[in-house]
Amino acid sequence: MKNLLKFIPLLLLLFAACKSQMIQKNTVKTIEKYPLFQQHHIGLYVYDPSTQKSIVSHNADKYFTPASNTKILTFYTALKSLPDTLTSLEYFSKGDSIIIWGTGEPTLLHSSWEYAQTQHVLDSLTEGKQILLAKRPYEEDNLGAGWAWDDYTYYFSAERSALPIAGNVVNVSMNDDQLDVYPSSFNHQFSADSQGARLDRTWDKNTFAYNPEKLTQRKREIPFHWSYESAQELLENALSDSIQLIEFDSAFREFKQGEILSVDRDSVLRKMMWESDNFLAEQLLIHSAHEKLGVLSSEKMIQYVSDSLFNFLPSPVRWTDGSGLSRYNLNTPENFVGILSDLYKDFDQDYLFQFFPIGGVRGTLKNYYKSEKPFVYAKTGTLSNNHCLSGYLITAKGKVLVFSFMHNNYLYSSTEIKGGINEVLNYLRENY
């Protein structure tokens, strides 16, 4: 009997190894048999952080266009780089003037936050002094490399900037045949065009057109062309005060007397992740560069993070922007699992999972991966012909798995792809 007991640990290891091989084999078989998975590129990596072992690996080291899965990199960067409360502006007083400049922080007058939450930022400026807005440079173009140029009128392609205001978009709707515009300072730049599109803008200026027959009460968002002149006008309108533009001097930051704080970091991260908000992702990356490097450059922040924070990843990352809008981004399922596993190791599960969409419950997964008990906590990523899903899966036995499932170059609807993803995830849920 004692001799038999000696073999129990070995038998358990053999059983676990056989089961792991079976799950790998059956998962790949499911992928290979699912009709819509036959003509496009697929990568899947599943990892058990409790045993530190790979469960499924299928093209896991191959590169894919990650789309908004790129926001996982931005999320990681922001958690590691930004303080609990974001800084909206920096300033110093000089005689009867106050000189202010932007930090890339995204929530000033943003319609998604209560006005009262950002009103104190503006109240801090209205103390009887002449406001001088220093034109601190944003070191890249307003639109990112590899973005589709003809998306410039869509809310998901809002311009990046040193001092975002109102999300760098105009909210527009029709109420009783009257045009309702926020921020209201753009009112005079709208004209009706009954033959045109619902909502349009001239490429390089803030001249807008709307079709009264097509525009409804539902609010629409259209990006405005950001410049320091537009920021000046928006702030003057909000403060009911005049603002003077001046050139930025790098010495200003040495003279800095204080910071004007904004909202809590986590509220911005939740909205970015739940709704896959491109503007917030871009600005959080820029704001991280402000905090860590003292510049407003997503390119420099990406290089810094790639060299210092992501040096543990199995493969180099091709990372171009904060949102994933760029077609130049490339990443592997193994890399995403590596980043997500590192987050899972560093943060409490309940705290970490609050940031992710939940299958059947909230965010971009509200209508997918439904179950009586939620089991998918993951970030979506979708561009035309590409769909990815990376995050955490809770099995029926309560184990947490980290996964990345990437699909590129298909010709059908992403809804159909999600059907196959659901089949694979449910298999893993029930059998591991």
Which one of these is over 25 Å from Lys345 (Cα atoms), open to solvent by less than 20 Å² (accessible area, probe 1.4 Å) and more than 13 Å from the chain's Cα centre (by Cα): Ser288, Ser297? Ser297
Members of segment 395-424 that are closer than 23 Å to Thr65 by Cβ and touching a strand residue (DSSP E or B) at 6+ places or on another chain (Cβ under 6 Å): Val402, Phe403, Ser404, Phe405, Met406, His407, Asn408, Asn409, Ser414, Ile417, Ile421
Filter segment 355-379 for residues that are surrounded by fewer than 24 Cβ atoms within 10 Å (Cβ to Cβ) and among the basic types (Lys, Arg); which is farthest from the chain's Cα centre (by Cα)? Lys373
Pull up segment 306-319, narrow it to residues that are polar (S, T, N, Q) and in a helix (DSSP H, G or I), then point me to the one that is nearest to the chain's Cα centre (by Cα). Ser306
Taking interchain pairs and intrachain pairs at least six residues apart, which have beta carbon atoms under 8 angstrom, with the first residue in segment 232-256 and under 21 Å from Ile165 (Cα atoms) and the second modelled with pLDDT of 95 or more and assigned to a helix (DSSP H, G or I)? Ile243/Gln232; Leu245/Tyr228; Leu245/Glu229; Leu245/Gln232
Consider segment 1-47. How many of its residues are in a helix (DSSP H, G or I) and modelled with pLDDT under 75? 18
Could you tell me whether any residue of segment 121-137 is in a helix (DSSP H, G or I) and within 23 Å of the chain's Cα centre (by Cα)? no
Only one of these is under 28 Å from Asp241 (Cα atoms), assigned to a loop (DSSP other than H, G, I, E, B) and of a type in the set (Ser, Thr, Tyr): Thr107, Thr153. Name it. Thr107
Residue check for Gln303: over 18 Å from Ser390 (Cβ atoms), of a type in the set (S, T, N, Q) and within 15 Å of the chain's Cα centre (by Cα): no
Restricting attention to segment 26-53, report how many residues are more than 16 Å from Lys418 (Cα to Cα) and open to solvent by 10 Å² or more (accessible area, probe 1.4 Å). 10
Selection within segment 233-263 - modelled with pLDDT of 90 or more, outside any helix (DSSP H, G or I) and open to solvent by 30 Å² or more (accessible area, probe 1.4 Å): Ser242, Gln244, Leu245, Ile246, Glu247, Phe248, Asp249
Within the group Leu325, Leu343, which residue is in contact with a Phe, Trp or Tyr (Cβ under 7 Å, 6 or more places away or on another chain), touching a residue at least 24 places away in the same chain (Cβ under 8 Å) and surrounded by fewer than 22 Cβ atoms within 10 Å (Cβ to Cβ)? Leu343
Tally of residues being of a type outside the set (Phe, Trp, Tyr), within 28 Å of Leu239 (Cα to Cα) and surrounded by 12 or more Cβ atoms within 10 Å (Cβ to Cβ) across segment 178-198: 8
Top-ranked residue of segment 380-432 - restricted to ones that are closer than 20 Å to Leu340 by Cα and charged (D, E, K, R), ranked as least open to solvent (accessible area, probe 1.4 Å): Arg429
Scan segment 54-104 for residues that are part of a loop (DSSP other than H, G, I, E, B), open to solvent by 10 Å² or more (accessible area, probe 1.4 Å), farther than 17 Å from Lys271 by Cβ and touching a residue at least 60 places away in the same chain (Cβ under 8 Å) and jot them down. Asn59, Asp61, Lys62, Tyr63, Thr65, Pro83
Say whether the condition of being in contact with a Pro (Cβ under 8 Å, 6 or more places away or on another chain) and within 16 Å of Leu109 (Cβ to Cβ) is met by at least one residue in segment 224-232. yes
Go through (1) assigned to a loop (DSSP other than H, G, I, E, B); (2) among the β-branched types (Val, Ile, Thr); (3) buried (at least 17 other Cβ atoms within 10 Å of the Cβ) one by one and return the number of the condition Thr216 breaks. (3)
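The values are calculated or read from the model by the stated rules, or taken from the named source; none is laboratory data. The structure presented is a predicted model; accordingly, all values stated were derived computationally and were not measured. FYI the Cβ positions are ideal-geometry reconstructions off the backbone, even for glycines, and counts take in every protein chain you see. In case anyone asks, the SASA skips ligands and DNA or RNA and just uses the protein heavy atoms, side chains included. Shrake-Rupley method; radii C 1.70, N 1.55, O 1.52, S 1.80 Å.
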